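Trainee: Sharing a structure with you now.
The numbers here are math on the coordinates, done by the rules we state, and not lab data. All figures in this text were calculated on a predicted structure; none of them were measured in a lab. As a convention, Cβ positions derive from the backbone with ideal geometry for all residues, glycine included, and neighbour counts pool all protein chains shown.
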Amino acid sequence: MTGRKSPRIPLPRSWNKYVRSAVLHVISLAQYVAVYTRSWAVDSMNGRVRLKAENERLLQQLAVREEEIRIMDARMERIVPLRRPHYPPVERMAILELRAAQGWSLEQTARTFQVTAVTIASWMKRVDEEGPDTLVQLREPVNKFPDFVRYAVQRLKVLCPSMGKLKMAQTLCRAGLHLAPCTVGRILKEEPLRRKPKPAAVATGRVVTANRPDHVWHIDLTTVPIGEGFWTTWLPFALPQRWPWSWWVAVVVDHFSRRITGVAVFRQRPDCRAICAFLARVIRRDGQTPKYIICDRDSIFDCDAFRDWVERQGICPPRYGAVGQHGSIAVVERLILTIKTEFTRRILVPLSREKFRRQLVGFAAWYNEFRPHMTLEGATPDEVYLNQRPANRRPRIEQRPSWPRRSRCSRPQTLLAGQPGAHFHAQLDFHAKCRHQPIVTLRRAA
């Protein structure tokens, strides 16, 4: 081998014009390879290999977030400090709280939040000022309500940022604290954006109305990306919609109670046989067979095999939604949107099928038992399905000491428990130790 020249790779003409495009292709290809490799490691019999793959995935996510922060900080550094947007008084207090928790110096705090050390020092000197025009403030109290009510609502928003004012009001109502959604909105100082209602779709044919649990079921499929998305740099500019890049999830929901009856996870797009087996498991587990099944015109459902299976189960012929019309199967579509916004987009979707299935089943259990539903007027799906008295119908806690007993509270109207002016302790737990699944409990103070 001595004296032998190393092979030379000829470069195409004008290669330097496509360097930036090549960089994007290399990064996209590297991500493709990394996901495929981790998918192999997640099913390995060696526990250290599985932990190594999960650790590398977490490190990658951390590196991506650090790069996002670096890019945004680089943009902010180009602005003269005096011209940068000012932090509002509430955010200044949050910065000082974070500084106390982390033990940062003035320079570290200033460098983290793109301000000067003199600014942080001035905030510290004026932190105990009183009055409406103070430099550092807590959130303004709500009229006629004591401060501890305001604090409880604000902390709930901090710990559960995905909850809107209506969902928060319904959750507190179930725990005994009756607040109107507009009152919660004033406490949080948020102006919600109201969408104009879309015109209702015109139904064709006979309309199926659910009048009892397990009367009408909805079923649909959706994809859950394991990474951040499906885009790539090469044709057809999309990654395969199958494992290890995404999961296929099937959902069955009861129309009357909005209860999640069953969920299933598939590595790739299931066929009609897999869907029928999934529905058979749900029927066998619950011991109930619906009279109607509503689905879309997907080839999985709109086929002779699915219709034959439905007929053998003693179910009426399946009802199909309108082709290409959004909202024709609105109940299950809204449920899928809730699952994505309140669950899959708030976790790092695991590569292990069994782990993801356990998390999905846990979310379904929390959704059925603890999450108030707007269509059910604040009741939970399990309360309607099992014909239980909703928790928001129980006697309420009244915090305003001078509130007349006969005066109405926010809906739903309930009786008063004890005397007005009662204090309480707010206890926040998390179902299955997941922070996106809160359980709020109020206990009277001694």
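Trainee: Would you please state which residues of region 154-186 a label at residue 410 would reach in this model, taking the label point 7 Å out along Cα→Cβ and a backbone N cut-off of under 11 Å?
Mentor: Residues 165-174, 177-186 fall inside that zone.
Trainee: Under a point spin-label approximation (7 Å from Cα along Cα-to-Cβ), what is the residue 60-residue 284 distance to one decimal in nm?
Mentor: Taking the two extended label points, one gets 3.7 nm.
Trainee: With a cut-off of 8 Å between alpha carbons and a minimum separation of six or more residues, what is the relative contact order of region 83-166 in percent?
Mentor: The normalised contact order for region 83-166 reaches 27 percent.
Trainee: Can you give the longest stretch of the chain with no exposed loop site, where a site means chymotrypsin sites (Phe, Trp or Tyr not before Pro) in a DSSP loop (not H, G, I, E or B) with at most 15 other C-beta atoms within 10 Å?
Mentor: Result, exposed sites excluded: 1-229.
Trainee: Once each part is reduced to its C-alpha centroid, what is the distance from region 150-186 to region 41-96 in angstrom?
Mentor: Between the Cα centre of region 150-186 and that of region 41-96, the gap is 29 Å.
Trainee: Quick one: net charge of residue 422's neighbours, Cβ under 9 Å, K/R +1, D/E -1?
Mentor: Once all neighbours under 9 Å are counted, the net charge is 0.
Trainee: Provide the net charge surrounding residue 51, with neighbours chosen by a C-beta distance below 15 Å and charges set as Lys +1, Arg +1, Asp -1, Glu -1.
Mentor: Once positives and negatives cancel, what remains is +3.
Trainee: Also, quick follow-up: Aspartates and glutamates near residue 125 by alpha-carbon distance under 20 Å, same-chain residues fewer than 8 away left out - which ones?
Mentor: Excluding near neighbours in sequence, the set is 91, 97, 107, 133.
Trainee: Then there is this: Past the 16 angstrom mark, what percentage of all C-alpha to C-alpha distances in region 3-101 do you count?
Mentor: 79
Trainee: Nearest 0.05, what FRET efficiency do residue 11 and residue 40 give at R0 = 30 Å with Cβ-Cβ as r?
Mentor: 0.30
Trainee: Now for a separate question. Determine the sum of side-chain charges near residue 380: Lys and Arg each +1, Asp and Glu each -1, restricted to other residues whose C-beta is under 14 angstrom from that of residue 380.
Mentor: With Lys, Arg at +1 and Asp, Glu at -1, the neighbours total +3.
Trainee: Another question, if that's okay. For region 25-36, in order, what is each residue's ³J(HN,Hα) by Karplus, 6.51 cos²θ - 1.76 cosθ + 1.60 with θ = phi - 60°, in whole Hz (x at glycine and Pro)?
Mentor: Calculated HN-Hα couplings, in order: 5, 5, 5, 5, 5, 5, 5, 4, 5, 5, 5, 5 Hz.
Trainee: Place a +1 charge on the Cβ of each Lys and Arg in region 216-369 and a -1 charge on the Cβ of each Asp and Glu, then give the dipole magnitude about the Cα centre in debye, rounded to the nearest 20.
Mentor: Computed about the Cα centre, the dipole is about 420 debye.
Trainee: From the cross-link list 157/291; 165/433; 157/355; 291/355, which pairs have alpha carbons spaced over 31 Å apart?
Mentor: 157/291; 291/355
Trainee: Still on this structure, I have one more. Remind me, what semi-axes does the chain give for its equivalent ellipsoid, largest first in whole Å, using sqrt of 5 times each Cα gyration tensor eigenvalue?
Mentor: In descending order the semi-axes read 42, 41, 19 Å.
Trainee: Remind me, relative contact order of region 220-303 in percent, using alpha carbon pairs under 8 angstrom and six or more residues apart?
Mentor: This gives 22 percent for region 220-303.
Trainee: Which whole-number percentage describes the relative contact order of region 308-403, with Cα contacts under 8 Å and a sequence gap of 6 or more?
Mentor: Once normalised by length, the contact order is 10 percent.
Trainee: Here is a follow-up. Under a no-solvent Debye model with one identical scatterer per Cα of region 245-366, what's log10 I(q)/I(0) at q = 0.14, 0.19 Å⁻¹?
Mentor: Calculated log10 I(q)/I(0) at the listed q: -0.64, -1.21.
Trainee: Taking θ as phi - 60°, what are the ³J(HN,Hα) couplings along region 82-99 by the Karplus curve (6.51, -1.76, 1.60), each to the nearest whole Hz, with x for Gly and Pro?
Mentor: Values per residue, Gly and Pro as x: 5, 9, 6, x, 7, 6, x, x, 5, 5, 5, 5, 5, 5, 5, 5, 5, 5 Hz.
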